[in-house]
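The values are calculated or read from the model by the stated rules, or taken from the named source; none is laboratory data. Predicted, not measured: the structure shown is a model, and the values here were computed from it. Don't worry about glycine lacking a Cβ; one is built from the backbone with ideal geometry, like all the others, and counts go over all protein chains shown.
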Amino acid sequence: MQLIIHRGTHQIGGTCVELRSGKTRIILDYGMPLAASDGKEFDDRFLQDRSAAELIKERVLFDIPGLYKGQEPQVNGILISHSHKDHYGLLSYLHPDICVYVSEGVLKLIHVLNVFTHKRSHVVISKPCIVKHKVSFDIGDFRVTPYLVDHSGFDAMSFLIEEKPTGKRLFYSGDFRASGWKRALVDRFIKNPPKNIDCLLMEGTMIERQGGAYQDEQAVLDGVEGVLKKAEKNVILAYCSGQNIDRIVTFYKAARRAKATLVIDPYIATVLHVLKNERNKIPQLDWDSVRVLIGNYRGRGDVYINKIVNSDFKYLTFGIGKHKIKAWDIGKEKALVVMRDSMIPLIRKVPDVKGATLIYSQWDGYIRDKKKASIFWDFMRENDLKLEHIHTSGHATVDILKQLARALKPKRIIPIHTEHPERFKEYFGKSVAIAEDGQLIEI
C-alpha cells in the first residue's frame with residue numbers, strides 16, 4: 001500500500017489523500033482549500049472559468065492521472081467523509097464515470113446545498129455509491145469499512161481500508177469529535193476498535209486549541225437555555241451553521257425548555273426536511289414551537305423561497321407558508337432566531353431587536369478579525385447587541401485523540417488536517433511520522 005497526502009499535512013481543510021495498491025487507486029476526500037497559496041482566505045470565485053489543467057498549475061487541484069473530466073478514468077473510487085466543502089468541494093472536476101462513495105445523509109446535504117449556493121460552487125455527483133455504517137465493500141485491491149462518527153457535519157464517516165493482497169490496514173479518522181449528541185458512536189468504537197492497524201491518518205484540528213468553556217453539546221444546551229430564561233427581551237438571536245444539525249437540535253431543546261419559539265429560515269427548514277427519516281428526531285418546520293421566517297430582502301422578495309421554488313423542493317413552499325412568521329411578528333412571545341450575515345436585512349425589521357442578546361454558536365475565529373467580519377460587527381454595534389459565545393467544537397480534543405490512538409494501537413500515526421503536526425510527537429511519541437504534501441509513503 002502506498003499513500004500520498006496531496007494536501008493536509010500542514011493545513012486544515014482542502015484534504016486530498018491518494019492510496020495505491022497494484023493497479024487500484026482511490027482518493028480519500030477532495031476538498032476545497034480554506035486558504036489560498038498566499039495565506040489569505042480561499043475565494044471560490046477563483047475557480048470560475050478555470051480548467052482542471054489551469055488549477056493543477058495553481059496547486060488547487062493535483063496532477064492525478066485519470067481523475068478528471070476529459071481523461072481516461074484511472075481512479076477506482078473516491079471516499080467522501082462528510083459534507084463540509086473542505087472535504088468534497090472540488091468534486092465538480094471529477095470524471096463522471098468514477099464512483100463517489102458517500103453516506104446517504106452526505107449525498108442529500110450536497111444536493112440541497114446546490115439549491116442555495118452560487119452555480120460556481122455546485123457539486124453534482126454523477127455516480128454516487130451509498131455507504132453504510134460497518135458494511136464493508138471492495139474497490140479493487142482494497143476492502144473498505146465505513147464507521148459513522150460524531151461530528152458537526154451530519155452523517156460523517158471514518159474509513160478502515162485494508163489492502164487485500166497484503167493485509168495492511170490504514171484507518172482514516174476523517175473529522176470527528178466525542179462531544180455531540182452522537183458521542184456514543186465514538187465510545188462504542190473505542191471499546192471495540194478494529195485490530196492490527198498499520199497506519200492511522202488522524203485529524204489534528206484541535207491539537208493546539210483549547211476546548212473552550214463548553215465541553216460538549218449538553219453544556220451548550222444548558223448555556224443557551226440559561227440565556228433564554230434570563231434574557232430581558234423576547235428576541236434572542238443565534239448564529240450557527242445551517243449544516244450543524246446537532247446545534248439546531250440543541251437550539252430546539254433549549255427553546256422548548258424555555259417555552260420559546262425556534263425561528264429558522266427556509267434554507268434551514270429545507271436542510272432539516274431533507275435529512276428527516278424514521279430513525280432520527282431532527283426538528284421539522286411543522287413541529288410545535290417552530291416557525292419559518294420569510295420576508296422581503298431588499299425588494300427582491302424572499303431570496304431563499306425563490307431558490308426553493310426553482311428546485312425539486314418546490315413542494316415545501318406550502319408547508320413553509322403554513323408555519324411562516326414575518327419579522328414584525330417576532331418578539332410578541334419569546335423567540336430564539338437562528339440567523340447568519342445574509343439575513344441581516346430581514347432581522348433589522350424585527351421590532352425589538354435593539355439591545356437584544358446574540359448567541360454566537362460557531363468557532364470564534366470567524367469573527368476575531370473585525371475587519372474581515374465587519375458585516376457581523378457592524379450589525380452588533382448598530383443594534384447595541386449583547387454577545388454570548390456558546391459553542392463546542394466539531395473536532396476532537398487532544399484527550400479524545402489520545403483515546404482513539406490507544407484503542408487502535410497503530411504502528412504509525414500520520415497527522416492530517418492540522419496546522420501543527422509537530423505537536424503530535426509530544427502527545428503520541430515515536431509512532432508519529434510527519435509527512436509532507438506530495439510525499440510518497442510506503443505503508
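Please state which one of Arg256, Arg247 is of a type in the set (D, E, K, R), crowded, with 22+ Cβ neighbours inside 10 Å and either on the phi < 0 side of the Ramachandran plot or touching a residue at least 12 places away in the same chain (Cβ under 8 Å) (or both).
Details: Arg256 fails: crowded, with 22+ Cβ neighbours inside 10 Å.
The unique qualifying residue is Arg247.
On the basis of being touching a Leu at 6+ places or on another chain (Cβ under 9 Å), under 30 Å from Asp49 (Cβ atoms) and surrounded by fewer than 20 Cβ atoms within 10 Å (Cβ to Cβ), does Ser136 make the cut?
Details: touching a Leu at 6+ places or on another chain (Cβ under 9 Å): yes; under 30 Å from Asp49 (Cβ atoms): no; surrounded by fewer than 20 Cβ atoms within 10 Å (Cβ to Cβ): yes.
Spelling it out, it is not the case that Ser136 is touching a Leu at 6+ places or on another chain (Cβ under 9 Å), under 30 Å from Asp49 (Cβ atoms) and surrounded by fewer than 20 Cβ atoms within 10 Å (Cβ to Cβ).
Give the range 421-433 a look and list any residue that's of a type outside the set (Phe, Trp, Tyr) and surrounded by 15 or more Cβ atoms within 10 Å (Cβ to Cβ), or say none.
So the first thing to find is which residues in the range 421-433 are of a type outside the set (Phe, Trp, Tyr), and the list is 421-423, 425-426, 429-433.
Pro421, Arg423, Lys425, Ser431, Val432, Ala433 - these are the residues of the range 421-433 that are of a type outside the set (Phe, Trp, Tyr) and surrounded by 15 or more Cβ atoms within 10 Å (Cβ to Cβ).
Matching residues to (1) at negative phi; (2) crowded, with 19+ Cβ neighbours inside 10 Å:
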{"residue": "Gly355", "(1), (2)": "no, no"}
{"residue": "Ser361", "(1), (2)": "yes, yes"}
{"residue": "Asp369", "(1), (2)": "yes, no"}
{"residue": "Thr392", "(1), (2)": "yes, yes"}
{"residue": "Ala396", "(1), (2)": "yes, yes"}
- Task: For Gly77, indicate whether it is over 16 Å from the mean Cα position of the chain (by Cα), at pLDDT 95 or above and surrounded by fewer than 23 Cβ atoms within 10 Å (Cβ to Cβ).
- Result: yes
- Note on the structure: Just one listed residue, out of Glu436, Glu419, Glu442, is within 25 Å of the chain's Cα centre (by Cα), of a type in the set (D, E, K, R) and farther than 25 Å from Trp363 by Cα, and it is Glu436
- Query: Among the strands (runs of 3 or more DSSP E) contained in the range 229-332, which hold 3 or more residues that are under 16 Å from Leu346 (Cβ atoms) and under 19 Å from the mean Cα position of the chain (by Cα)?
  - Reply: none
- Query: In the range 203-228, how many residues are surrounded by fewer than 20 Cβ atoms within 10 Å (Cβ to Cβ), outside any loop (DSSP other than H, G, I, E, B) and within 24 Å of the chain's Cα centre (by Cα)?
  - Reply: 3
- Condition test on Asp86, is it closer than 25 Å to His395 by Cβ and either within 13 Å of the chain's Cα centre (by Cα) or in contact (Cβ under 8 Å) with a residue 24 or more places away in the chain (or both)? yes
- List the pairs whose first member sits in the range 199-218 and is under 20 Å from Pro410 (Cα atoms), whose second member is of a type in the set (Asp, Glu) and modelled with pLDDT of 95 or more, and whose Cβ atoms are under 8 Å apart, counting only residues at least 6 apart or on separate chains? Glu203/Asp175; Thr205/Asp175
- Message: Within the range 84-91, does at least one residue satisfy the condition of being in a strand (DSSP E or B) and either surrounded by fewer than 23 Cβ atoms within 10 Å (Cβ to Cβ) or touching a Lys or Arg at 6+ places or on another chain (Cβ under 7 Å) (or both)?
- Response: no
- Message: Whether any residue in the range 338-350 is over 30 Å from Val274 (Cα atoms) and either touching a residue at least 60 places away in the same chain (Cβ under 8 Å) or out of contact with any Leu (no Cβ under 7 Å at 6 or more places or on another chain) (or both) is what I want to check.
- Response: no
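Having 1 or more residues that are touching a helix residue (DSSP H, G or I) at 6+ places or on another chain (Cβ under 8 Å) and either more than 30 Å from Leu228 (Cβ to Cβ) or not hydrophobic (A, V, I, L, M, F, W, C) (or both) is the bar; report the strands (runs of 3 or more DSSP E) wholly within the range 336-443 that clear it.
It comes to 357-360, 386-389, 412-416.
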